Amino acid sequence: MIGLQTVYRYLKRGFDVLVSPLRPDESITQFTLSVPEAQTTTVDSVQGIHNRPPVVVACRECNESIVQHQALDRIDCGNCWQDYPADDVGDLEVLGMVCPRCEADMQHGRRHPEVFDVPEWATCPDCQYHWDLAHWF
C-alpha cells in the first residue's frame, strides 16, 4: 500500500509541473506587453501627447529641418527665424521622429488620418521604445 507521504510527493510534483509555466521569469526585467491592437512586445511604452518623442519638421519658408523637442514647445527655425506655434506640427511636413532613449529614427504613422494630422504612434526599431498618442479602449 502507498503511504500518505508518497501520495503527497506525487501530487506536489504534478502540481509543480502544471504551474511552472505560469510562474514569472525573474531574469527578465522591464518587459511589458504593448496594446493588443499593436500585437508587438516592447521594452518600454508610453502614451499621451505630453510624452511624445521629439518631432522633426520642415520649415515652410526655407525647408530647413526643425526639431520640436516637447509637444507644447514653439517651433523656431534657426535658419530663417520663422516661428510657428506648437500646434502647427500638423500643418508642417513631418520628416521624422527621434527616439528619446537611443536617438535613432523612429518608425511613425497615423491610424486615423481623417481625424488627426499629427503622428499617432512611433516605435524605435533599435531599442523597441514605443509611444502612442492615445488608446481608445
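The values are calculated or read from the model by the stated rules, or taken from the named source; none is laboratory data. What you are looking at is a predicted structure, and each value in this text was computed from that prediction instead of being measured. FYI the Cβ positions are ideal-geometry reconstructions off the backbone, even for glycines, and counts take in every protein chain you see.
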Residue identified as within 14 Å of Asp132 (Cα to Cα), polar (S, T, N, Q) and at pLDDT below 90 among Gln30, Gln39, Gln5, Gln107: Gln39
Odd one out for Arg74 among (1) under 23 Å from the mean Cα position of the chain (by Cα); (2) among the basic types (Lys, Arg); (3) over 15 Å from Trp121 (Cα atoms): (1)
Single residue of the stretch 78-134 satisfying the filter (closer than 21 Å to Glu64 by Cα and in contact with a helix residue (DSSP H, G or I) (Cβ under 7 Å, 6 or more places away or on another chain)) that is surrounded by the fewest Cβ atoms within 10 Å (Cβ to Cβ): Asp117
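Take the residues in the stretch 56-77 that are of a type outside the set (A, V, I, L, M, F, W, C) and assigned to a strand (DSSP E or B); name whichever of them is surrounded by the most Cβ atoms within 10 Å (Cβ to Cβ).
Gln68
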Positions within the stretch 105-123 being within 13 Å of Val55 (Cα to Cα) and not polar (S, T, N, Q), in sequence order: Asp105, Met106, His108, Gly109, Val118, Pro119, Glu120, Trp121, Ala122
The lone exception for Asn51 - which of (1) modelled with pLDDT of 80 or more; (2) exposed (fewer than 14 other Cβ atoms within 10 Å of the Cβ); (3) farther than 14 Å from Val89 by Cα it fails: (2)
